[in-house]
1. Step by step: find N for the range B:48-156, compute 2.2 N^0.38 Å, then divide the Cα radius of gyration by it. What's the final number?
2. Would you calculate a helix-derived [θ] at 222 nm for chain B, using -39,500 (n - 2.57) for each DSSP H run of n ≥ 4 and dividing by the full residue count, to the nearest 500?
3. Take every Cα pair under 8 Å in the range B:43-99 that's 6+ residues apart, average their separations, divide by the length, and report that relative contact order as a whole percent.
4. Where in the range B:296-376 are there chymotrypsin sites (Phe, Trp or Tyr not before Pro) that are in a DSSP coil and have at most 15 other Cβ atoms within 10 angstrom of their Cβ?
5. Of the options B:F299, B:V59, B:L228, report the single residue whose Cα projects farthest towards the positive end of the charge dipole of chain B (beta-carbon charges: Lys, Arg +1; Asp, Glu -1).
6. How much of the accessible area of the protein assembly as shown, in percent, comes from carbon and sulfur atoms when a 1.4 Å probe is used?
7. May I ask you to order A:201-211, A:182-192 by the average number of other C-beta atoms within 10 Å around their residues, highest value first?
8. Does anyone have the angle between helix B:126-156 and the longest principal axis of chain B? Alpha-carbon axes, 0 to 90°, nearest 10?
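The values are calculated or read from the model by the stated rules, or taken from the named source; none is laboratory data. Just so you know, these numbers come straight off a predicted model, no measurement behind them. Please note: Cβ atoms are built from the backbone with ideal geometry, for glycine as well, and neighbour counts cover all protein chains shown. Accessible surface areas use protein heavy atoms only, side chains included; no ligands, DNA or RNA. Shrake-Rupley method; radii C 1.70, N 1.55, O 1.52, S 1.80 Å.
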Amino acid sequence: MKPRRVLAIARKESIQIRRDPRSLGMAIAMPMLLLVLFGYALTLDVDRVPLVVWDQSGTPASRELISRFAGSRYFSLKGYVQDYRDVERAIDSGETLMALVVPRDFAGQIESGRPAAVQLLADGSDSNTATIAIGYAEAVVQAYSRAITLDATQRLGARPLNPPVEMRTRVWFNADMESKNYIIPGLIPVIMMVIAALLTSLTIAREWERGTMEQLISTPVKGPELILGKLVPYFVIGMFDVLLAVLMGEFVFHVPLRGSLLLLFVMAAVFLVGALSLGMVISIVAKNQLLANQLAMILTFVPAFILSGLVYAISVMPWPIRLVTYLVPARYFVSLLKGIYLKGVGLSVLGGEAILLVVFAAAMVALANFKFRKKLV
Amino acid sequence: MLERIWQMLIKEFIQVLRDPKMKGVLLVMPVAQLIVFGYAVTTDVRNVRTAVYDLDNSVASRELVSRFASTGYFKIVEYVGTDERARELLDRGDAQIVLHMNRGFEDDLRAGRTAQLQVLADGTDSNTAGIALNYSAKIVGEYSQSILNGRALRLLGPVRQPGQVRLQSRAWFNENLESRNFYLPGVIAILVTLVTLLLTSMAVVREKEIGTMEQIMVTPIRPFEFILGKTVPFALISLVNVVLVTTVGVLWFNLPVRGSILRLLFATVLYLLTALGVGLVISTISNTQQQAMMSTFFFYMPSMLLSGFMFPIANMPVVVQWLTYLNPMRYFLVIIRGIFLKGVGFDVLWPQLVALAIIGVVTLGLASRRFRKTLA
């Protein structure tokens, strides 16, 4: 391997990149767009769940319960309905997600000391939102029920009772439980995977398709030199994207960075080499841009998004799928970044993930070199 | 004219399907992906890894812990004895939650004081943590209420019991609140959109880049016929794809189909036309396949994120919510979830269909205008 030839290829490739400012611009704008979207627009946090109420009871007791719902920041009272058909229509059309039905004998039941049931009808199609909102509703009702018991004992002249058990919650690593604090660091691997694969997956296929590969074959450049030379400029773009993402996380979104910045960049470099080489392998195998394009998207973006543990927790997936996630390198980098950013832990805890990333990068580089043949057929 | 379009169709099919790898990518990959992702897309919170740090180790504290364990939401992974060990488990992610009770938990309960349970949660995944804390609060609340009832009983006697309120919740359309039912239609939509967009966005620019566009220009084919020839094959391939993926989704995952399949098919054709339109516009404004690919992704990614596939649109800022009205995938998701899960018909879904039709006409119109310029 001669550095001069590697540099020559790298130079040729960077000139080619510079002459297509639109693609280059998109490679840099894309991470920013993603980060802005996730930072400002996308959240799984649930609040202000729209709620309609059907108050059949119409008593001070039922109004007290309803006002507890209205006062909670998790619900937003959309109005009152008078019959079941209205409830159905409101949920069908998506106007409301939940309906609270207070039965006619609500106050009477409470007076007579029997348990009164209120009904909560929820649109379960978005099960995540529904689960969380039902949880909130249960908390509201529980608090109300407890207040009744405490009130009753007090009214009857007894010594006031203390609530028996109190739950104190302490959340570590992400005290405000903001989803952006884990989504933003977790996004970096997805961005890098996609950008890397988009950029390199066409680079060799293009040469074949346009016929310029013959020119390259007639030069003394060797396979590994060609691959390395082609990686260099894209590596620079990729690392620039990482830098951009880290800076935006710090200054725009104020995501706490508790661990080592150096470790972050070293691991990013390792991951990037692997991702770029994966794109290169795709390009070498496909030999035409249409196929390379399809393969790159299918093999990188969607898996990096769904199987990396960024949005969907890996621990609840069935075991065969958990096995598949071990093949998704973004998975390791996502947990590395969550660890570095939020927990501030280092290699002592994350060593396993780091080693697997190195293995992935080495395997991809080797595969690219193995698959590439400097021959015309 | 029909003859020319026919020839064009044959050429396109040969070109797309000549590479056996391409057939695999178009027909096998989406099904394989659906199966893998179908299992992966779930936000159900079960088996939260829980460590117990019980310094009291009394009947009462064990009773509370067993209430956690018996719900199925929590899985006790370890009983720890020190702060350090609890911290270590959270650091490594081996535990997501630690239940901590200090010495004197039971004594406090007996004496009528307020006993404390401390719950330490790993907040890195705030969604899971939030749901797990919700469940914990419910368990603790019920436990607390049962003790309170006992006390009230002793104080007031059985006759003058205060009433209680219970919540009975029922989820419509998805009784067991399985998140898979919600996400699967979305996975179908994103997979099909991806294939369609990638195919069409390369369609015209490919001829330009390889130089075969000149050959087409010397044939007697007219711009209109050329557009049809470029659209119909991809529309057909995508439609086959939809049918294939949906069938697998229904048969493999038991996705409920509550509405009419015919209506679903009609809406899908309408949606595919908008996707084709977008793909063709990208193809006509790009000079190289690299540009087309980047532009496709630039469109696809935000439209997937802003469609309500994973992130509810209602949670987005108002400005972004307006933006989502431009997104065809948004309407398609409402339609396919509506038909699959709610079983609603066009009387509810017509606004979405109208919106899709408008977007389709606009994008296809734009594409054919740009085409005429390239070909003129």
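1. Normalised Cα radius of gyration, the range B:48-156: 1.10.
2. Mean residue ellipticity at 222 nm (helix-derived): -22000 deg cm²/dmol.
3. Relative contact order for the range B:43-99 comes out at 53 percent.
4. Filter output for the range B:296-376: B:Y325.
5. B:L228
6. The nonpolar share, carbon plus sulfur, comes to 61 percent.
7. A:182-192, A:201-211
8. On a 0 to 90 degree scale, this one is about 30.
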